[in-house]
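Below is one structure, written out as C-alpha cells; the observations come after it.
Readers should treat all values here as calculations from the given coordinates under stated rules, not as data from a laboratory. This is a predicted model, so every value here is computed, not measured. Counting neighbours? That spans all protein chains shown, and the Cβs are built from the backbone with ideal geometry, glycine included.
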Amino acid sequence: MNTKREDIKLPQALLSLRPGAQWSCYGDNYEDMVWHENDILPPTKEEVEVEIERLRDEWDYNEYQRLRAKKYPSFAEQFDLLYHGGYDAWKESIDEIKNKYPKPE
C-alpha cells in the first residue's frame, strides 16, 4: 500500500494498465522499463503518465478512508460498545467519525 501520493510511479501504473504482464524497472522513468512480453504490447509513455495521474487522483479522493480508519475503534472496542451501549451508541460513535471525515461528492 502506498503511504504517500508521490509513491505512485511507473510500477504501479504498469500493474494497473497491464495486470499480469512481465516487465522490469530499473528506475522511475519510462525509459527505465524493460518489457518481457511478446504477446502483450507495453503501454505508451503517455498512457503511463495518464495512469499515474489517475492513480494519484484516486489516492487523493480516498484520503477520507485513511483518516477514518485511523480513528475507528478496534473491533473489540466496537463490540464492547454494542454490548454495553446498544446499537444507537455504536452508530453514534461511528457517525461522529464519518461526519468529521466525509466522503467527497
Kindly provide the helix-only [θ] at 222 nm of the chain, computed as the sum of -39,500 (n - 2.57) over DSSP H runs of four or more divided by all residues, to the nearest 500 deg cm²/dmol?
-> -18500 deg cm²/dmol
Using +1 at the Cβ of each Lys and Arg and -1 at the Cβ of each Asp and Glu in the chain, identify which of Asn38, Gln78, Tyr64 lies farthest towards the dipole's positive end.
-> Gln78
Crossing angle, helix 75-100 versus the chain [Cα axis fit, 0-90 degrees, rounded to tens] | 60
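Treating only the Cβ atoms of Lys and Arg (+1) and Asp and Glu (-1) as charged, compute the dipole magnitude of the chain about its Cα centre; round to the nearest 20 debye.
Working: 15 positive and 23 negative charges, 92 e Å.
Magnitude of the dipole: close to 440 debye.
What order do you get for Lys98, Lys103 when you list them from fewest to most C-beta neighbours inside 10 Å?
Details: Lys98 14, Lys103 10.
Fewest-to-most ranking of Lys98, Lys103: Lys103, Lys98.
Select from segment 1-36 those chymotrypsin sites (Phe, Trp or Tyr not before Pro) which occupy a DSSP coil region and have at most 15 other Cβ atoms within 10 Å, ordered by residue number. Numbers along the way, then the final one.
Values: sites: Trp23, Tyr26, Tyr30, Trp35; in loops: Tyr26.
Qualifying residues, ordered by number: Tyr26.
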Angle between the chain longest axis and helix 45-61 axis [Cα atoms, degrees, rounded to 10] | 10
